[in-house]
Amino acid sequence: MPAKHIFVTGGVVSGIGKGIVTSSIAKLIQTQGYNVTAIKIDPYLNFDAGTMRPTEHGEVWVTPDGGEIDQDLGNYERFLDIDIPKDNNITSGKVYWNVLNKERKGEYLGKTVQPIPQVTNEIKDQIKNVAKKSKADFIVTEIGGTVGDYENVLFLEAARQLKTENGSVIFTHVTYLPVPGNIGEMKTKPTQHSFIQLMERGIQADLMICRSENPVDKPRIEKISQFCNVDEDHVFTIPQMDNIYEIPIILEKQNITKKIFDHLNRYERIKETSTSIESSLEYKVNAPDFVKWKNFIEDIKSLDKEVNIGIVGKYFKTGKYNLKDSYISVIEAIKHAAWNNKVKPVIDWIDSQDFEDSLEKLVNLDQLDGIIVPGGFGESGVEGKISTIKYARENKIPYLGLCLGMQLAVVDYARNVCDLPDAHTVEIDKNTKDPVVCILPEQIIEMEKSNYGGTMRLGNWRAKLQTNTKVYGLYQTDNISERHRHRYEVNPDYIKLLESKGLVFSGTSPKRKLMEFLELPYHPYFVATQSHPEFKSRPMKPAPMFDGLIKAAINKKYS
Ligand code: GLN
């Protein structure tokens, strides 16, 4: 059967959880036994998110094939438990790049190249390319931004055309219903207006999904139905939830999947292409995968034991606001591991810049059951992170270092155990006397050969684990693969010295050149990796290194 398309648009304000709605709809259809994938459209002109600062656009997500992508793809992977390649992220940058390259090669055969049809055709081709490569039955595509933005107009137009051509297309419009403080009443007007803006683009929403603090009541559902040309039972409500993974359940209580299937079956009949039974979608009540998901969510609600995990970072602030989005995959990985161990995670945010010169504050770290130093770039906050790592190491607080968190663990060990007080990573100090973390010359050549963007090591890389180590115990195999996004490596010239002083490199690249994992045998849990295992963590399949941290944290707190 040709792929069926569900487009998710947004109205009123950004940040209302279009990504979670996209993931939830995709998940629900997947639980019905279909092959589903999801696409994120980012209307910005950057080719991808690789060069964006985390406070600009949240975390940079890394795909298995080395794409540096908007964080929404991470939600799709976590909900669907599938690997999603970089082609599933379509940006204006990628679209124009292709259009201009084709124009230079003369592929438009002398025609004037215009937004419509050449650019819209390119958008449709990129969507169809995903459908072809993934062989998915359903493609759920989230169109970034809000309707009414200049930037996404051509994407909305391409989606509209796809519906005219293909028919099996559903539009889901996600909006927000505010309760202005001085009025004290939930207002539908912004939703009505965003609906009108969508209509101006020639798109009638089939489903309206309303985000709000509290559930939307009957009078307002009637109003939205009346003004937005949808039946009342096609207006869905998602109130504020503690757990994003519960949103599929909230939507399914309102029968969303059956309504999507009924809609698509109706289109098929109108087209008269498929009166045959096989092509019509049949909805199964209580599909086993759905019941499994539901039970999983119910179990989480009954957890009462807690562990406190501190994330030491620096990408928290823009202006007066804290942006936890910069570490979303780390946060989700902590949750998955905690739930797997039947505890609730309490996450403490530690701004490493606070520790740069006020070391007495470090004592507060004793209240934590585990500490994570996640990935990062650049100089600010680095000395604070090193102090935190040293404190965790000396005071036996469970520690997990991710990428930069591993590099700085090496710097701490070199400075404070191996007597190399000037040791540093060359990322921060180019002229350091002891460059314990650096760029390896052969690495640059290797990466240039395999065409990895610039000098970054990106995407999946294999590692070999040493048996009889903690890391091997966590993975239960010696041959693993994790996603990477970094430029610097542990300097081979210092490995002997570090090892002689007790540091164990428990995993390396298959040819043993690159140090991938380290640990301290005499510490309850001091483990770090050059990779980003948070990208492979899933709700019911925690990443082994996070699982190990939570187990150690439970041990510290409860035994
Ligand atoms: N900045 C470091 C590097 O480029 C670490 C990167 C990261 O933590 N993702 O190697």
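Treating segment 390-449 as a set of equal point scatterers at the Cα positions, no solvent, please give the Debye-formula log₁₀ I(q)/I(0) at q = 0.24 Å⁻¹.
Here the Debye-derived log intensity ratios amount to -0.99.
Treating the angle as unsigned and between 0 and 90°, give the value, to the nearest 10°, between the Cα long axis of helix 18-31 and the longest Cα principal axis of the chain.
The two axes meet at around 80 degrees.
Could you list E56, E394, E157 so that the one with the fewest beta carbons within 10 Å of its beta carbon is first and the one with the most is last?
Ranked by crowding around the Cβ, least crowded first: E394, E56, E157.
Just grab the label-to-label distance for S302 and R538, each label 7 Å out from Cα along the Cβ direction, in nm (one decimal).
2.5
Straight-line reach from K105: which lysines have a Cα under 23 Å away, not including same-chain ones fewer than 8 places off?
List returned: K94, K124, K128.
Which loop-located trypsin sites (Lys or Arg not before Pro) does segment 372-475 contain, where loop means any DSSP state but H, G, I, E or B and the Cβ has at most 13 other Cβ atoms within 10 Å?
K430, K433
Based on alpha-carbon centroids, what's the gap between segment 97-151 and segment 364-396 in Å, whole number please?
First find each Cα centre; the distance between them is then 45 Å.
Compute the longest continuous run of the chain that contains no exposed chymotrypsin sites (Phe, Trp or Tyr not before Pro); treat a site as exposed when its DSSP state is not H, G, I, E or B and it has at most 11 other Cβ atoms within 10 Å.
151-521
Compute the label zone of N229 within segment 149-181: residues whose backbone N is under 13 Å from the point 7 Å along Cα-to-Cβ.
What the label zone holds, given the 13 Å backbone N cut-off, is 171.
Given +1 on the Cβ of Lys and Arg, -1 on the Cβ of Asp and Glu, and no further charges, what dipole in debye does the chain carry about its Cα centre, rounded to the nearest 20?
Roughly 880 debye, rounded to the nearest 20.
In Å and from the alpha-carbon atoms only, list the Rg and Dmax of segment 1-42.
11.5, 36
List, in the order given, every pair from K135/K511; K27/K163; K464/K541; K335/K556 whose Cα-Cα distance in the structure shown is over 26 Å.
Check vs 26 Å cut-off fails for K135/K511.
Let's test this: bin the Cα-Cα distances of segment 375-500 at 10 Å from zero up to the farthest pair and state each bin's percent.
In order of increasing distance, the bins hold 12, 38, 38, 12, 0 percent.
Considering amide H positions built from the backbone, and no H for Pro or chain starts, which residues 5 or more places from T91, or on another chain, come under 5 Å of its amide H?
D42
What is the projected area of the convex hull of the Cα atoms of segment 144-227, averaged over all directions, in nm²?
Directional mean of the projected Cα hull area for segment 144-227 stands at 6.2 nm².
For helix 328-340, report the angle its Cα long axis makes with the longest principal axis of the Cα atoms of the chain; keep it between 0 and 90° and round to the nearest 10°.
Roughly 80 degrees between the two axes.
Once you have the Kirkwood Rh of segment 94-187 from its Cα pairs, apply Stokes-Einstein at 10 °C and 1.306 mPa s and quote D in µm²/s.
This corresponds to a translational diffusion coefficient of 100 µm²/s.
When DSSP beta bridges are limited to those with both residues in the chain, what percentage is antiparallel, rounded to the nearest 5?
30
Within the P(r) computed for the chain, what percentage of the Cα pairs occupies the region above 40 Å?
Cα-Cα pairs in the chain separated by more than 40 Å: 30 percent.
Can you spot the aspartates and glutamates whose alpha carbon is less than 20 Å from K218's alpha carbon? Ignore those fewer than 8 places along the same chain.
By straight Cα distance, K218 reaches E185, D206, D231, E232, D233, E252.
May I ask you to evaluate 6.51 cos²θ - 1.76 cosθ + 1.60, the Karplus curve with θ = phi - 60°, for each residue of segment 399-410 and list the ³J(HN,Hα) values in order in whole Hz, giving x for glycine and proline?
9, 10, x, 10, 6, 4, x, 7, 4, 6, 5, 5
Evaluate the distance, in nm, between pseudo-label points positioned 7 Å from the Cα of I183 and of K292 along their respective Cα→Cβ axes.
With each label point 7 Å from Cα toward Cβ, the separation is 4.5 nm.
Calculate how steeply helix 189-200 sits against the longest principal axis of the alpha-carbon atoms of the chain, using the helix alpha-carbon long axis, and give the answer as 0 to 90 degrees to the nearest 10.
Computed tilt is about 70 degrees.
Each value in this text was obtained by applying a stated rule to the coordinates, not by laboratory testing. Values in this document were obtained by computation on a predicted structure and should not be read as measured data. Positions of Cβ are backbone-derived with ideal geometry, glycine not excepted, and every protein chain shown enters the neighbour counts.
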